[in-house]
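Asks: Have a look at this one.
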């Protein structure tokens with residue numbers, strides 16, 4: 001039976017053995033960018049963007065060794081010299097020109113023409129065009145690489161002057177963008193001369209960092225997105241942040257995913273659970289929010305070939321709601337359903353599987369809901385009951401808890417912390433309960449332990465297209481007993497896997 005994913009990342013292969021199973025994990029190269037400031041003569045200043053993509057293994061650079069700065073400026077000036085050109089431009093051309101100078105590109109054609117005329121007139125008077133706040137980026141930029149101002153001789157119009165651009169970039173290679181052509185720069189200071197007309201030399205051009213937008217479209221999770229970023233924070237990228245394993249390392253690989261309706265996921269075109277299993281080669285898959293009724297379980301019980309042990313629990317309080325499952329190719333020693341408390345067990349939220357060296361809990365924690373109507377139940381009844389259940393299990397062997405825990409614990413775990421202080425999943429009450437009932441009881445947040453300064457989300461709301469801009473929440477976790485925290489090899493996120501408003505997460509733990 002097929003479950004589908006549209007996009008898969010191929011990671012460089014390695015293999016290892018644990019409990020008789022072969023493992024394959026992939027890693028690849030990442031993307032990074034630099035920032036350059038180019039100074040000209042005069043006192044006026046304009047903003048232009050430089051897209052820079054780099055890979056550590058790029059074999060060579062582009063053949064043109066000149067850095068050309070000012071293509072956007074030249075285009076604007078050409079329009080300024082030919083006012084009639086404005087009226088003949090299409091709406092798309094007008095919008096493109098406005099975006100290039102950082103102005104708003106919204107409105108009808110006549111409004112766009114007027115805006116561009118205003119900007120051109122402003123250039124003559126030394127004014128900067130207005131910036132549309134909604135179109136500006138929420139993402140922080142890297143520290144700029146400042147360049148010294150170049151001394152220039154005064155010239156008359158139509159004379160030619162030299163502009164000197166000094167660039168010091170500590171990266172392996174620089175890739176050509178539409179606005180700037182660059183050559184191979186390997187940590188060396190390079191002086192590049194170009195000639196510009198005196199009539200344009202009075203405008204300073206500042207080139208700011210911007211990672212290639214096309215790369216963000218393909219891999220939006222690599223975009224650093226946070227409303228309140230702190231120094232040292234970076235975006236999570238599984239290509240570069242998943243550590244490799246040696247062949248002789250024995251591990252168990254666990255994965256967890258809130259599928260937001262398993263039947264809907266199975267119907268998605270281009271998605272294959274088999275491909276996911278082959279790619280990640282996990283031993284156990286935990287599912288939350290399956291939304292299945294008992295009559296729906298049998299057709300999907302043999303979801304994956306080779307994973308012959310599957311255990312399902314469904315909501316009886318509200319059909320087609322909640323629901324959890326554990327699908328495993330390792331046969332567990334025992335299986336339990338619920339917490340053993342009737343008030344908590346009617347919604348199919350917990351499955352526990354006992355293995356040789358640990359208990360694995362697949363849990364879907366209740367959401368506090370609209371208007372926080374279930375907040376009190378969540379923090380005064382559910383969380384304490386789950387914590388007590390885990391501590392009882394821990395008396396005999398270590399515990400691994402995974403699933404959608406419906407709490408972004410810290411500000412680093414949510415794109416917009418200030419705007420969600422009274423939103424379910426980020427209230428101070430839920431965060432304090434998470435700390436008190438789990439972390440203070442000795443359970444370790446494995447992702448945060450491995451990546452203390454990494455912004456990695458596991459949930460993006462459909463309503464505002466959060467995946468495209470990487471504006472999300474980290475709601476899904478692997479918590480482990482402190483006694484086995486040092487055995488965790490990797491706690492990872494698979495943001496490229498679509499099909500739900502959550503993405504899968506994983507844990508590789510040494511046997």
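Asks: Of everything in segment 418-428, what is touching a helix residue (DSSP H, G or I) at 6+ places or on another chain (Cβ under 8 Å) and either surrounded by 18 or more Cβ atoms within 10 Å (Cβ to Cβ) or modelled with pLDDT under 95 (or both)? Give them in sequence order.
Replies: 424, 426, 427
Asks: Could we say that residue 408 is surrounded by fewer than 22 Cβ atoms within 10 Å (Cβ to Cβ) and in the same structural domain as residue 487 (by TED's automatic domain parsing) here?
Replies: No; evaluated as a whole, the condition is false for this residue.
Asks: Follow-up. Return the residues of segment 460-474 that are out of contact with any helix residue (DSSP H, G or I) (no Cβ under 8 Å at 6 or more places or on another chain) and either surrounded by fewer than 21 Cβ atoms within 10 Å (Cβ to Cβ) or under 29 Å from residue 384 (Cβ atoms) (or both); say none if nothing qualifies.
Replies: 461, 462, 463, 464, 465, 466
Asks: Which of (1) modelled with pLDDT under 95; (2) touching a helix residue (DSSP H, G or I) at 6+ places or on another chain (Cβ under 6 Å) is the odd one out, the single condition residue 277 does not satisfy?
Replies: Of everything listed in (1) modelled with pLDDT under 95; (2) touching a helix residue (DSSP H, G or I) at 6+ places or on another chain (Cβ under 6 Å), residue 277 misses just condition (2).
Asks: Right, next: Quick test of your reading of the structure: residue 222 fulfils all but one of (1) in contact with a strand residue (DSSP E or B) (Cβ under 7 Å, 6 or more places away or on another chain); (2) at pLDDT below 95; (3) surrounded by fewer than 20 Cβ atoms within 10 Å (Cβ to Cβ). Name the failing condition by number.
Replies: Every listed condition holds for residue 222 apart from (3).
Asks: Looking at segment 295-315 only, could you name the residues that are under 18 Å from residue 346 (Cβ atoms) and loosely packed, with under 14 Cβ neighbours inside 10 Å?
Replies: The answer is 295, and nothing else.
Asks: Take segment 459-491 and flag every residue that is within 12 Å of the chain's Cα centre (by Cα) and assigned to a strand (DSSP E or B).
Replies: Listed by number, the residues that qualify are 459, 473.
Asks: Can you tell me which residues in segment 331-359 are closer than 18 Å to residue 307 by Cα and either in contact with a helix residue (DSSP H, G or I) (Cβ under 8 Å, 6 or more places away or on another chain) or buried (at least 23 other Cβ atoms within 10 Å of the Cβ) (or both)?
Replies: Correct list: 351, 352, 353.
Asks: Name the residues in segment 475-511 that are without any contact (Cβ under 8 Å) to a residue 60 or more places away in the chain and in contact with a helix residue (DSSP H, G or I) (Cβ under 8 Å, 6 or more places away or on another chain), would you?
Replies: 485, 488, 491
Asks: Quick check on this structure: which one of 366, 319 is surrounded by fewer than 23 Cβ atoms within 10 Å (Cβ to Cβ), more than 28 Å from residue 281 (Cα to Cα) and within 28 Å of the chain's Cα centre (by Cα)?
Replies: The unique qualifying residue is 366.
Asks: Run residue 445 past the list (1) surrounded by fewer than 18 Cβ atoms within 10 Å (Cβ to Cβ); (2) without any contact (Cβ under 8 Å) to a residue 40 or more places away in the chain; (3) within 22 Å of residue 285 (Cβ to Cβ) and report the number of the one that doesn't hold.
Replies: Condition (1) is where residue 445 drops out.
Asks: Please find, among 107, 102, the residue that is in contact with a strand residue (DSSP E or B) (Cβ under 6 Å, 6 or more places away or on another chain) and either at pLDDT 60 or above or part of a loop (DSSP other than H, G, I, E, B) (or both).
Replies: Just one listed residue meets the conditions, 102.
Asks: Considering every residue within segment 364-385, establish whether at least one is part of a loop (DSSP other than H, G, I, E, B), assigned by TED's automatic domain parsing to the domain that holds residue 452 and at positive phi.
Replies: yes
The values are calculated or read from the model by the stated rules, or taken from the named source; none is laboratory data. All values reported here derive from a predicted model rather than from experimental measurement. Neighbour counts run over all protein chains shown; Cβ positions are idealised from the backbone, glycine included.
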